[in-house]
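Any read-out appearing in this document is the output of simple, stated calculations on the displayed coordinates, not a laboratory observation. Since this is a predicted model, take the numbers as computed values, not measurements. Cβ sites come from the backbone with ideal geometry, for glycine too, and all protein chains shown count toward neighbours.
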Amino acid sequence: MSIEASNVIPEGTGNDELDKAIEMAGYSYDPTQDIFYSTMDPWQRDIGYCRLYDELAAPLGMIIDCEPIVFDYLDKKWMIGFWKGQYDLVTGCEIGIYTKAFDIDVFGVIRGAYYNCASNTDLLQMSYTLKKNDQPLFTRAGKHWWLTGFKLGEFSDPSELSMDITITLHNVSMRDAFVNGLWNAGYPLAEFTRNSATVSFSFTTPHTPPPITRTPNTDRIIQRKNQLLCEKYLEITGTSSNIKDKVKAIEEQSPEIYDKLFKAGISKQLYETFSSRLTPIKEKNK
């Protein structure tokens, strides 16, 4: 397994079969913080990013805030995205680094940019602390293209969550380009700090328009379902002291919840279904 450069040592769950299932899903487990996080080369690295993914989140049971920051640097169009919220059965967050490949037409409905996941030469040093009602839930740090963390059974509204983010760009010129992207997205100068090639800021309320699939009514309905799932998970696993026993209890008592474990984000099967419908409009330089 390829593991990101970070301070987390992937000790695993203590169950080889469970660790293999987690690895196949694209994640590792940090027992110290009791979170799952993405590895460096999961299958998700092949699917890139487009706006459709954010539009699909709510219909798939994920109520998450998203903030795409776009900017140009060295003849590439970059997108650094931030996400936080409730991913079905988990509370989590993400930072993703992407470079534009081409423009697409999706089903004749959504037109926009399709981005590749950042290559190894484009990885950035990043860190964040995810807070819930101003109290830290977990911290992640590493040189990566997709820095994530997901806490199983934790229920949160996106408005309760904030990310204290620090990103070190390749140099001051790239930092300035990224800062310009923040500015264009609606971040005033007072909301971020600069130190050499490093930028620090907090992601609380998104400055960019939300997906059209996010509405008060759909949020309420989907979040009620998510809350019930988390409550059921906690009820079943309440006497278990480690993730191995928790997963075993869920497998035995709730196949519905067990099927949702380790599935934060878009599924591989769903991506394969619509990827053939991603029609390039105009090729761009990578």
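Translational diffusion coefficient of the range 16-283 at 25 °C, 0.890 mPa s, Stokes-Einstein with Kirkwood Rh over Cα pairs, in µm²/s as a whole number.
Calculated translational D: 128 µm²/s.
Where is the GNM fluctuation largest for the chain (alpha-carbon springs, 10 angstrom cutoff): D122, D75, D245?
In this elastic network of the chain, the residue with the biggest mean-square fluctuation among D122, D75, D245 is D75.
Pull up all non-local amide H partners of I63: gap of 5 or more, or a different chain, and H-to-H distance under 5 Å with H placed in the peptide plane.
Sorted by chain and number, the residues that satisfy this are Q86, D88.
In nanometres, what is the gap between the two model label sites at R194 and V172, each 7 Å from Cα along Cα-to-Cβ?
The answer from the label model is 0.9 nm.
Which one, A113, F36, S202, projects farthest toward the positive side of the charge dipole computed for the chain from Cβ point charges (K/R +1, D/E -1)?
Of A113, F36, S202, it is A113.
Which ³J(HN,Hα) values in Hz, rounded to whole numbers, follow from the phi angles of the range 150-163 under the Karplus curve 6.51 cos²θ - 1.76 cosθ + 1.60, where θ = phi - 60° and Gly and Pro get x?
These are the phi-based 3J(HN,Hα) values: 9, 10, 5, x, 8, 10, 8, 8, x, 5, 7, 9, 9, 10 Hz.
Pairs of Cα atoms under 8 Å, at least six residues apart: use those to get the relative contact order of the chain, whole percent.
Values: 560 pairs, mean separation 63.1, N = 286.
Computed over the chain, the figure is 22 percent.
I'd like the distance separating the alpha-carbon centroids of the range 151-186 and the range 19-41, in whole Å.
The range 151-186 and the range 19-41 have Cα centres spaced 22 Å from each other.
Between N184 and L60, what's the calculated FRET efficiency when r is the beta-carbon distance and R0 is 35 Å? Round to 0.05.
Values: r = 29 Å, r/R0 = 0.83.
With R0 = 35 Å, the Cβ-Cβ based efficiency is 0.75.
Compute the length gained on full extension between N242 and D103: take 0.36 nm times their separation in residues and subtract their Cα-Cα distance, giving the result in nm to one decimal. Write out the running numbers ahead of the final one.
Numbers: separation 139, 0.36 × 139 = 50.04 nm, distance 4.55 nm.
Going from the current span to full extension adds 45.5 nm.
What are the ³J(HN,Hα) couplings of the range 131-146, residue after residue, when phi is run through the Karplus curve with 6.51, -1.76, 1.60 and θ = phi - 60°? Round to Hz, x for glycine and proline.
3J(HN,Hα) across the range 131-146, in whole Hz: 10, 10, 6, 6, 10, x, 9, 6, 10, 10, 7, x, 8, 7, 10, 8.
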